[in-house]
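Asks: First the structure, then my questions, so here it is.
The values are calculated or read from the model by the stated rules, or taken from the named source; none is laboratory data. Since this is a predicted model, take the numbers as computed values, not measurements. No Cβ is skipped: glycine too gets one built from the backbone with ideal geometry, and neighbour counts run over all protein chains shown. These accessible areas exclude ligands, DNA and RNA; they are computed on the full protein's heavy atoms, side chains included. Shrake-Rupley method; radii C 1.70, N 1.55, O 1.52, S 1.80 Å.
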Amino acid sequence: MLFENIGILDENFNYKPDKYVLTFGDRIVYIGDKRPEGKAYEGNLGPVYDGRGKVLMPGFYNAHGHSPMSLLRGYGEGLPLDRWLNERIFPFEAQLDGDAVYWGTMLSMAESARFGIVSTTDMYMFVDDMVKAYMESRMKANVSRAVTNFGHEKPENLQFYKDMVDVIKMYDGFGEGRIKADAGLHAEYSNDDDTTLLVAETARKYDVNMHVHVAETKFETEGCRERHNGKSPVEYLDSMGIFDQNTTAAHCVWLTDEDRKILASKNVTVASNPVSNMKLASGFCNVPELYKAGINVAIGTDGPSSNNSLNFFEEMKVFALLGKAVSGDAAAMDPRKVLYSATRAGAMAQGRRSCGLIKEGWHADLIVVDLDTVNMQPIEDVPTALVFSADGKDVLLTMVDGRVIYNNGEYDTIDVEKAIAMTKEARIRVGGRV
């Protein structure tokens with residue numbers, strides 16, 4: 001596809017107007033001021049997209065999610081995390097089946113594409129059915145079957161652990177690399193020492209990424225210190241080897257300066273989930289301090305049940321506003337840095353080396369955003385407008401690996417009406433068993 005006369009965010013997230021960008025296969029093959037010409041491009045321009053009044057930017061990489069939880073949207077409202085999980089979410093999830101998980105994932109893929117998300121770092125169960133939805137929708141994902149061991153069983157005999165290993169063996173690099181499999185530890189509080197050590201060892205053995213919830217609530221953090229001789233969740237997980245591989249640590253709300261030093265030294269990515277953390281009254285991630293510590297900070301939505309949407313422009317704006325509020329500095333959270341966190345930082349967290357920037361030779365994971373809208377105009381600075389003025393509904397086109405998934409209300413790979421109907425049906429079916 002040839003995007004012509006379109007503004008772009010360059011690799012430094014500066015706005016450049018009136019560019020030509022050509023994609024071929026799954027890559028960006030040309031960026032320039034003039035229409036590409038010559039034998040190399042003859043017959044290879046494909047469809048032409050009129051970019052006047054629009055901006056082309058990297059798609060969003062959702063650094064922490066539970067996509068099937070669209071099934072539980074609005075379920076268990078008004079409860080703090082521990083009660084929300086134990087009284088509402090865990091009982092519902094105990095009744096889930098693969099068909100329900102498939103449709104919940106498919107609905108979330110439709111919502112993701114609508115709001116410009118091209119890839120999600122996902123953690124859930126019935127992973128075969130999740131991968132089926134990723135493949136059919138042609139979206140990208142890092143997926144893990146997270147291990148929990150509340151009963152202190154031998155971890156090598158635990159079905160959750162066996163499932164995690166099977167997911168890694170089956171799906172890492174699946175779908176021409178669109179699917180990556182991570183090792184997953186649900187959290188410190190949901191596992192014992194032996195399980196935590198085994199999951200860390202398994203991540204090293206198969207050389208895959210790690211995905212884990214960390215210091216999401218004050219209750220969790222204080223409990224960890226009681227359980228582990230004063231160690232914080234970060235200190236404990238580090239001592240267990242969880243951070244030895246490329247790790248995404250979700251939430252990281254209750255951190256100390258020492259925690260931040262450890263995360264920086266181990267090159268751990270923090271996936272901040274501001275909307276979910278506020279909705280569950282878990283606290284506020286201090287992103288400016290993470291930036292100062294040199295930590296790669298990405299943005300996640302968490303599940304659609306604790307958010308309750310996947311509107312990534314909303315998430316990005318709240319992320320930026322909270323950073324200003326927590327720091328007390330109106331100049332904090334430079335829009336270009338925020339855009340980096342929403343795109344390239346998430347791609348790095350997922351281990352996708354040539355993704356998340358508009359550069360020749362890189363993957364064509366792109367979105368087109370309408371600039372000529374009542375909520376955007378007049379525009380003083382495009383990056384600032386994208387962070388603070390834009391809305392998810394301003395996304396006109398979402399492209400994943402060079403394939404247009406969403407275009408101006410139309411989906412190429414997803415039957416949205418069926419996904420909505422089947423997810424509603426699954427919600428009623430599963431909910432009736434609780």
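Asks: Each label point is 7 Å from the Cα along the Cα-to-Cβ direction; what then is the distance between the points at Lys231 and Glu77, in nm?
Replies: 4.1
Asks: What nm distance separates the two modelled labels at Ile379 and Lys132, each placed 7 Å from Cα along Cα→Cβ?
Replies: Output for this residue pair reads 4.2 nm.
Asks: Still on this structure, I have one more. Positive end of the dipole of the chain, charges at C-beta (+1 Lys, Arg; -1 Asp, Glu), about the Cα centre: which of His363, Ile428, Ala331 has its Cα farthest in that direction?
Replies: Looking along the dipole axis, the top candidate is His363.
Asks: For the chain, give the percent of accessible area contributed by carbon and sulfur heavy atoms, probe 1.4 Å, rounded to a whole number.
Replies: Working: 8180 of 16890 Å².
Carbon with sulfur: 48 percent of the solvent-accessible area.
Asks: Which one, Gly409, Gly38, Gly300, has the greatest fluctuation when you compute a Gaussian network model over the chain with C-alpha springs under 10 angstrom?
Replies: It is Gly38.
Asks: Using a 1.4 Å probe, what is the accessible area per residue for the chain, in Å²?
Replies: 39
Asks: Oh, and also: So, by mean Cβ neighbours within 10 angstrom, what's the order for 156-162, 106-112 with the highest one leading? Walk me through the intermediate numbers first.
Replies: Values: 156-162: 14.6, 106-112: 28.3.
Those peptides, ordered most packed to least, come out 106-112, 156-162.
Asks: Another question, if that's okay. Please report how far the C-alpha centroid of region 415-434 lies from that of region 131-186, rounded to the nearest whole angstrom.
Replies: 24
Asks: Hey, another quick one. Taking the Cα atoms only, what angle lies between the long axis of helix 159-171 and the longest principal axis of the chain, rounded to 10 degrees?
Replies: Taking the Cα atoms of the chain, the angle to 159-171 is about 20 degrees.
Asks: Hey, can you grab everything whose amide H is under 5 Å from the amide H of Leu158? Only 5+ residues off in sequence or another chain; H modelled, so Pro and N-termini drop out.
Replies: none
Asks: Nearest-5 percent of antiparallel DSSP beta bridges in the chain?
Replies: For the chain, the DSSP antiparallel bridge percentage is about 45.
Asks: I've got another one for you. Give me the angle, in degrees from 0 to 90, between the Cα long axis of helix 416-431 and the longest principal axis of the Cα atoms of the chain, rounded to the nearest 10.
Replies: Compared with the principal axis, the helix lies near 10 degrees.
Asks: Starting at the first residue of region 130-146, write each ³J(HN,Hα) from the Karplus equation 6.51 cos²θ - 1.76 cosθ + 1.60 with θ = phi - 60°, in whole Hz, x for Gly and Pro.
Replies: Working through the residues one at a time gives 5, 5, 4, 5, 4, 5, 5, 7, 6, 8, 9, 7, 9, 10, 9, 9, 5 Hz.
Asks: Still on this model: Given a 1.4 Å probe and the protein chains all in place, what does the accessible area of Met123 round to, in Å² to the nearest 10?
Replies: Surface open to solvent at Met123 totals about 10 Å².
Asks: Whole angstrom only: what separates the Cα centroid of region 373-388 from the Cα centroid of region 38-113?
Replies: After rounding, the separation between the Cα centres reads 25 Å.
Asks: Under 30 Å from the Cα of Lys19, which lysines turn up, not counting those fewer than eight places away in the same chain?
Replies: Within the straight-line cut-off, Lys19 pairs with Lys34, Lys39, Lys54, Lys140, Lys317, Lys337, Lys359, Lys393.
Asks: Out of Pro288, Pro47, Pro274, any idea which swings most in a Gaussian network model of the chain, alpha carbons joined below 10 Å?
Replies: Comparing Pro288, Pro47, Pro274 in a Gaussian network model of the chain, the most mobile one is Pro47.
Asks: Let me ask something else about it. So for the pair Leu197, Lys418, with labels modelled 7 Å out along Cα→Cβ, what separation do we get in nm?
Replies: Simple spin-label model gives 4.9 nm for this pair.
Asks: Taking only DSSP H segments of four or more residues, each worth -39500 (n - 2.57), what value at 222 nm results for the chain once the sum is divided by all its residues, to the nearest 500 deg cm²/dmol?
Replies: -10000 deg cm²/dmol
Asks: How big is the charge dipole of region 386-434 about its Cα centre, in debye rounded to the nearest 20, if each Lys and Arg gets +1 on its Cβ and each Asp and Glu gets -1 on its Cβ?
Replies: In debye, rounded to 20, region 386-434 gives about 420.
Asks: Another question about this same structure. Amide H neighbours of Asn246 under 5 Å, at least 5 residues apart or on other chains, H built in the peptide plane: list them.
Replies: Met210
Asks: Short version: ³J(HN,Hα) in whole Hz for each residue of region 46-58, in order, from phi by Karplus 6.51 cos²θ - 1.76 cosθ + 1.60 (θ = phi - 60°), x for Gly and Pro, what are they?
Replies: Each residue's phi maps through the Karplus curve to give x, x, 10, 10, 6, x, 4, x, 9, 10, 9, 9, x Hz.
Asks: Okay, next question. For the chain, go through all pairs of different Cα atoms, get the mean of 1/r, take its inverse, and jot down that Kirkwood value in Å.
Replies: Over the chain, the inverse of the mean reciprocal pair distance is 21.8 Å.
Asks: Let me ask you something else. Suppose every Lys and Arg Cβ carries +1 and every Asp and Glu Cβ carries -1, with no other charges. What dipole size does the chain come out with about its Cα centre, to the nearest 20 debye? The partial results should precede the final answer.
Replies: On the way: 47 positive and 63 negative charges, 77 e Å.
Approximately 380 debye in magnitude.
Asks: While we're looking at this one, here's another question. Tell me which of Pro155, Asn246, Leu79 sits at the most positive position along the dipole axis of the chain, charges placed on C-beta atoms (Lys, Arg +1; Asp, Glu -1).
Replies: Asn246
Asks: Quick one: Karplus J couplings for region 370-378, per residue in order, coefficients 6.51, -1.76, 1.60, θ = phi - 60°, nearest Hz, x for Gly and Pro?
Replies: Rounded to whole hertz, the list is 6, 8, 8, 10, 5, 8, 10, 8, x.
Asks: Projecting each Cα onto the charge dipole of the chain (Lys/Arg +1, Asp/Glu -1 at the beta carbon, about the Cα centre), which of Asn408, His186, Phe115 comes out farthest on the positive side?
Replies: Projecting each Cα onto the dipole axis, the largest value belongs to Asn408.
Asks: Which percent of Cα pairs goes in each bin when the distances of region 97-152 are cut into 5 angstrom slices starting at zero?
Replies: The calculated distribution, bin by bin, is 5, 20, 30, 23, 11, 6, 3, 2, 0.
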